[in-house]
Amino acid sequence: MKNKSEIGEVDRISQLPDDVLVHIISRFTWREAIATSIISTHWRRLYTYITRLTFSTRHASKHKYVQENGSSKHMKEIYDFLASSESCRFLKEFEVNVPCLKGDNIKTWLPLVLDREVESIRTRLIYHDKAMSGYCNFPRRTLIKSKSGGLGSFAGLKSLRKLSLHSLHVDDRDVELFVSNCTTLEHLSIVGSYRLKKTSLVGHSKLKHLEISSSRNVVLIEVLDMINLVSLTCRKLQPKYSLHLNNVPKLVELNSSDQFHLQGRVLHGILPSVLDQLTHIDIRSTDLEEICIKEPPILTNLKHLKLEIKCVHGGRRTTFYHYPRHWKCPCLQKLEIKFLWRRNNVFRDTFDELFVELDEMGLYKVKPNEHLKEVTFSGFMGYRAETSLSWCLMKEAVALKELIVELCDETPDIRQSAAALAWEHFRKIAPPSVNLVII
């Protein structure tokens, strides 16, 4: 029988199958993956078979990686690693999360990534102060010239399924050419591109999820004949941007801008046939006052509505006229409302008796909703807007089964006070049949 010291010397990890070891190494950063080569002879070349490669220096100082010419070492390190004939021949997932400085460009290593049968590419470039930061553009011309057969001859474009470009500046032509050549692309996310203006995506048969956000120069998004598109996200765009959708038969989810007062115009710009398809809408607002749309469109099949509202004033009685009952969602089953109260808000009124008075006088007209089963309030602090809104919902959600109240993420004293107000208020208004959860 072996003693403890002999058992402790056994290298059981190295006895695992090579496929398992490669899977483990693929979860490391590129530096960590290379470091495994010194463990033993058996490990020496295992890192060259990794399927996932991550370059990340998220917490690095901006001065640490600056070369004499002012550009960063990151781009050269990425190129040197990929240029090695033995590195990442079986690469499937590629991720870059590094600072971007003046002189940096991805044109040296992006063709090397696309030469592999990669399935996922995620780039996130971090910009520091203006004195040192550069703006990295998508190297379309370099990609086209680097292959005799043009952009479509890259092996990666025939296997790529997910593409996420964060702070990499692409223009409308870049998107059009890249998407048209990526016949297997299912997920496209473009965040923080100042060069996008009029984006048109037409006829892509595989794309399921599309996001265009934080691109302030966008004035038009046109999505046509995309028969497999399921979700669309458009946030933090030009205040007067237009959204044109046509022949998107599978689109059911819309995540819209944080400028809620624009949603009336944006929603009215969508064809009624498309609106009828939507089952999930997630909208962020800058103020509770902006919830009301004068002539809201009818969303006949909407089942899940999610609102995130940045609130400034907690004592307004106008809340009564600006809440989701105004939306025409006859089949709504789940409603989530998250209040984001500013710290300088001093109002802490608990309940507006105006609604009770209107109800007793017969002036409050109840619109029963027989489909709404679940309501969630997040960030609850006990302000008048929250308690009044919940009272209205309890009057109308006649089939409600579950009411979830998530308390605000504040100091322990504020949370304790909010919890006391929540229990006092919701125990009075919630019917016994409703499962009340306060967390």
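Fully extending the segment from Glu370 to Ile34, taken as 0.36 nm per residue of separation minus the present Cα-Cα distance, adds 115.0 nm.
Amide H to amide H distances under 5 Å link Phe94 with Leu53, Ser120, Ile121, Arg122, where only residues 5 or more positions off or on other chains count and H is placed in the peptide plane.
Every number here is computed from the coordinates shown, using simple stated rules; none is lab data. Here the structure is a predicted model, which means the values were calculated and not measured.
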